[in-house]
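The values are calculated or read from the model by the stated rules, or taken from the named source; none is laboratory data. Just so we're clear, the structure is a prediction, and the values are computed from it rather than from any experiment. Note that we place each Cβ from the backbone using ideal geometry, even for glycine, and neighbour counts take in every protein chain shown.
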């Protein structure tokens, strides 16, 4: 286990604080507390975002027959994990987890073992800013069959990419590698439901690594001829894949969810 950096908060471990995890440092807890002071609903938002991920993976596996998942920015393990959900539906489901936080990956290697003999998980130590490292890795090619549909999961990740880091170019590189019939599930923090000064303060507390985008800006990152948004399109995460009324509001969440299908046009 790599030594935990007690001085610099990690976005993954800060997220884990709000989920109720305990593998964190004082810096993580302090940073999480400061953000919660400005946005008291952050715990609700994070937990609803996690529930969105679980429902999305279940829907892809159960309703769309997806058996392969590429989860970039996986974060600290938090049951149920992607493979727990997917392999319950399809025992032979395969999952590749990607993160650039070595503490996260140390936990992933220790905890994220397949729940079925037929299932398979692998882990890549890589940064989404270098998508070629992910797509060219032996772990990916050994685990996923890139000739068959893959679900690309970009959950609570893209708001850590500034416009100067070319998030759309990164997404295009990843989508270009997906086979026909693949899927994308993504979420993004939005400031549409809070005063501008509040959004600016939250971005500052994110130590310059967090960037709000509007729902329209989020959707624009995925605008391609071969990508179709699935109804209801860009919506608050608590509105996706649920038949039960919720007491939470868009203001509570401040997090947009998106699902899309890759439908390639053959030459």
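From the set of residues in region 228-244 that are at pLDDT 90 or above and out of contact with any strand residue (DSSP E or B) (no Cβ under 8 Å at 6 or more places or on another chain), which is surrounded by the fewest Cβ atoms within 10 Å (Cβ to Cβ)? Walk me through how you get there before you give the answer.
Our first condition is that a residue be at pLDDT 90 or above; within region 228-244, this holds for 228-241.
Filter once more, so that each one left must be out of contact with any strand residue (DSSP E or B) (no Cβ under 8 Å at 6 or more places or on another chain): 231-232, 238, 241.
Numbers: 231: 6, 232: 11, 238: 22, 241: 16.
Only one residue tops the list, namely 231.
Looking only at residues in region 209-222 that are touching a strand residue (DSSP E or B) at 6+ places or on another chain (Cβ under 9 Å) and assigned to a loop (DSSP other than H, G, I, E, B), which one is surrounded by the fewest Cβ atoms within 10 Å (Cβ to Cβ)? Explain how you work it out, then say what you get.
Here is the first cut: in region 209-222, the ones touching a strand residue (DSSP E or B) at 6+ places or on another chain (Cβ under 9 Å) are 210-215, 217-219, 221-222.
Going one step further and asking which of them are assigned to a loop (DSSP other than H, G, I, E, B), we end up with 210-214, 221-222.
Values: 210: 18, 211: 20, 212: 20, 213: 21, 214: 14, 221: 20, 222: 21.
Once the filter is applied, the top-ranked residue is 214.
Failed condition for residue 225, given (1) surrounded by fewer than 18 Cβ atoms within 10 Å (Cβ to Cβ); (2) touching a residue at least 40 places away in the same chain (Cβ under 8 Å); (3) touching a strand residue (DSSP E or B) at 6+ places or on another chain (Cβ under 8 Å), with all others met?
(3)
Pick from region 124-148 the residues that are closer than 20 Å to residue 86 by Cβ and touching a residue at least 40 places away in the same chain (Cβ under 8 Å): which of them is surrounded by the fewest Cβ atoms within 10 Å (Cβ to Cβ)?
Top of the filtered list is 145.
Just the residues that are in contact (Cβ under 8 Å) with a residue 60 or more places away in the chain, in a loop (DSSP other than H, G, I, E, B) and either within 18 Å of the chain's Cα centre (by Cα) or buried (at least 18 other Cβ atoms within 10 Å of the Cβ) (or both), please, taken from region 157-190. Walk me through how you get there before you give the answer.
Start the filter on region 157-190 by keeping residues that are in contact (Cβ under 8 Å) with a residue 60 or more places away in the chain, which leaves 157-158, 160, 174-175, 178-190.
Filter once more, so that each one left must be in a loop (DSSP other than H, G, I, E, B): 157, 178-182, 190.
If the condition is that a residue be in contact (Cβ under 8 Å) with a residue 60 or more places away in the chain, in a loop (DSSP other than H, G, I, E, B) and either within 18 Å of the chain's Cα centre (by Cα) or buried (at least 18 other Cβ atoms within 10 Å of the Cβ) (or both), then 157, 178, 182, 190 are the ones that fit.
Among the listed residues 17, 85, which satisfies the condition of being within 22 Å of residue 258 (Cβ to Cβ) and either part of a loop (DSSP other than H, G, I, E, B) or free of Cβ contacts under 8 Å to residues at least 60 places away in the same chain (or both)?
Numbers: 17 fails: within 22 Å of residue 258 (Cβ to Cβ).
Checking each option against the conditions leaves just 85.
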